[in-house]
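Working notes, structure below.
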Amino acid sequence: MRVIGLMSGTSYDAIDAAAADLRLKGDELVLTPLGMLSQPYPDELRAAVAAALPPAPTSMEDVCRLDTGIGQAFAAVARQAVEQLCGGSADLVVSHGQTMFHWVDGGAVRGTLQLGQPAWIAEATGLPVVSDLRARDVAAGGQGAPLVSIIDVLWLRGRPGVPVALNLGGIANITVVHGEPVAFDTGPANALIDAVVTELTGQPFDADGVMAARGQVHEELLARLLADPYYARPAPKSTGKELFNLAYVARAMEGLPVIPAEDLVATVTTLTARTVADAVRRYGGTEVVASGGGIRNPVLMHLLADELDVPVRTTDELGMPSAAKEAYAFAVLGFLTVHGLGGTVPSCTGARHSSILGSVAPGPSGLPVISAAARPPVRLLVE
């Protein structure tokens, strides 16, 4: 089955599309990458997303407009992916949408909202679309995150020691693949770095970690940030920009003298490295396999390597394109859905059981036809 995965993370800077041929072969799920493409959000739409994110107020009119605008933007990228990555022919599109709110109350997730109306994608491509993948896990008592944990477990299971998959998006999350797997959000990855850089310079991120490299860590501010109770909570747990945003940094700075811009960026960059490393050490990780936009920040990666005494490598070294990993992960989740297979690892999300994820918008010819009963795979092979 030829599947296109669509993803926009908590940094909401672009829509990524990855295409893959997926097939079940005995107890293996075989993924053959066909390529990826990425398109930035239109400036006006990105500004509207930013304006609606917590702690900003919004309205139902704004939500409706965003649902349509994001859906249309995802549809344009999906149509491009069908033509450019799949030679004009695909079987299924899987859309994560854009996370706008992740409702955490006392450590439990009560709900999660991803916008991007899938009907626009189905209409633009003529293909069935799987979307809204997180809600079912939440309904089953889970965190709805990190959903990529099932791919991490299937892919890294069997490697020696205790491999840890790390995603450095807006929020950082890890999957510990050993015994009964564990996965959770460790805290911010790029969320605070990007927020601070944007506020101070107008630029969307710290390109090549230049500002962090010039700065010195403000130890008092770092201590205040590290004291947040989120880091001490047991797994499974998840978080988002509802907590880790510019206002969060401003509260931590109250009463401190003015901190130079480079020092502030260096401090929040160190916060990401320290909290990720603490989480990896807590579970005895023996190697870290990283992906996400944060791996392009050499200062962050150097800090992380300094914090840990285990190998830190990217998914590219193991055959999975790091820039497309999450988009491929959602392609896999949608593939599992249309085969009637669960897409979660309960020990990773905290759900009562594994669930078949998402909602399906039929294409003009209805739903994909699966010829035989499928067995849940126990490993993922990328070839």
Enumeration of residues in region 1-36 that are of a type in the set (Ser, Thr, Tyr) and part of a strand (DSSP E or B): Ser8, Thr32
Only listed residue being open to solvent by less than 60 Å² (accessible area, probe 1.4 Å), in contact with a strand residue (DSSP E or B) (Cβ under 7 Å, 6 or more places away or on another chain) and closer than 27 Å to Pro346 by Cβ, chosen from Gly187, Gly170: Gly187
May I ask you to verify whether Cys64 is open to solvent by 70 Å² or more (accessible area, probe 1.4 Å) and either farther than 26 Å from Pro368 by Cβ or in contact with a Lys or Arg (Cβ under 8 Å, 6 or more places away or on another chain) (or both)? yes
List the residue pairs whose Cβ atoms are under 6 Å apart, where the first residue sits in region 26-55 and is touching a residue at least 24 places away in the same chain (Cβ under 8 Å), the second is among the hydroxyl-bearing types (Ser, Thr, Tyr) and open to solvent by less than 40 Å² (accessible area, probe 1.4 Å), and the two are 6 or more positions apart or on different chains. Val49/Tyr12
From the set of residues in region 94-136 that are of a type outside the set (Val, Ile, Thr) and touching a His at 6+ places or on another chain (Cβ under 7 Å), which is surrounded by the most Cβ atoms within 10 Å (Cβ to Cβ)? Leu133
When region 265-284 is examined, which residues are found to be closer than 15 Å to Ala235 by Cα and in contact with a Leu (Cβ under 8 Å, 6 or more places away or on another chain)? Thr275, Val276, Val280, Arg281
Starting from region 141-153, keep only residues that are over 23 Å from Asp27 (Cα atoms), then list their pairs with residues that are crowded, with 24+ Cβ neighbours inside 10 Å and aromatic (Phe, Trp, Tyr) whose Cβ atoms are within a distance under 9 Å, requiring at least 6 positions of separation or different chains. Gln143/Phe184; Ala145/Phe184; Pro146/Phe184
Thr275 vs. criteria touching a Ser or Thr at 6+ places or on another chain (Cβ under 7 Å), surrounded by 14 or more Cβ atoms within 10 Å (Cβ to Cβ) and in a helix (DSSP H, G or I): yes
Could you say whether any residue in region 220-229 is open to solvent by 40 Å² or more (accessible area, probe 1.4 Å) and in a loop (DSSP other than H, G, I, E, B)? yes
Which of the residues that make up region 294-321 are of a type in the set (S, T, N, Q) and either crowded, with 22+ Cβ neighbours inside 10 Å or free of Cβ contacts under 8 Å to residues at least 12 places away in the same chain (or both)? Asn297, Thr315
Flagged pairs (Cβ under 9 angstrom, 6 or more apart or on separate chains; first in region 3-17, under 20 Å from Ala189 (Cβ atoms) and open to solvent by less than 10 Å² (accessible area, probe 1.4 Å); second assigned to a loop (DSSP other than H, G, I, E, B) and not small (Gly, Ala, Ser)) are Ser8/Tyr41; Ile15/Tyr41
Quickly run through region 166-184 and pick out the residues that are closer than 17 Å to Ala273 by Cβ and among the aliphatic types (A, V, I, L, M). Leu166, Leu168, Ile171, Ala172, Ile174
How many residues are open to solvent by less than 10 Å² (accessible area, probe 1.4 Å), outside any loop (DSSP other than H, G, I, E, B) and either among the β-branched types (Val, Ile, Thr) or farther than 18 Å from Arg2 by Cβ (or both) if we restrict to region 326-351? 3
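Test Ile259 against the criterion of being out of contact with any Phe, Trp or Tyr (no Cβ under 8 Å at 6 or more places or on another chain) and either closer than 22 Å to Tyr12 by Cα or open to solvent by 10 Å² or more (accessible area, probe 1.4 Å) (or both), and give yes or no.
It is true that Ile259 is out of contact with any Phe, Trp or Tyr (no Cβ under 8 Å at 6 or more places or on another chain) and either closer than 22 Å to Tyr12 by Cα or open to solvent by 10 Å² or more (accessible area, probe 1.4 Å) (or both).
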Can you name the condition, by its number, that Pro257 falls short on among (1) free of Cβ contacts under 8 Å to residues at least 60 places away in the same chain; (2) closer than 26 Å to Leu34 by Cα? (2)
Note on Phe244: of the conditions (1) in a loop (DSSP other than H, G, I, E, B); (2) open to solvent by 10 Å² or more (accessible area, probe 1.4 Å); (3) in contact with a strand residue (DSSP E or B) (Cβ under 7 Å, 6 or more places away or on another chain), unmet is (2)
Among the listed residues Gln39, Gln72, identify the single one that is part of a helix (DSSP H, G or I) and at pLDDT 95 or above. Gln72
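The values are calculated or read from the model by the stated rules, or taken from the named source; none is laboratory data. These numbers come from a predicted model, not from an experiment. Every residue, glycine as well, gets a Cβ built from its backbone with ideal geometry; the counts of neighbours run over all protein chains shown. The accessibility values were calculated without ligands, DNA or RNA, using every heavy atom of the protein model including side chains. Shrake-Rupley method; radii C 1.70, N 1.55, O 1.52, S 1.80 Å.
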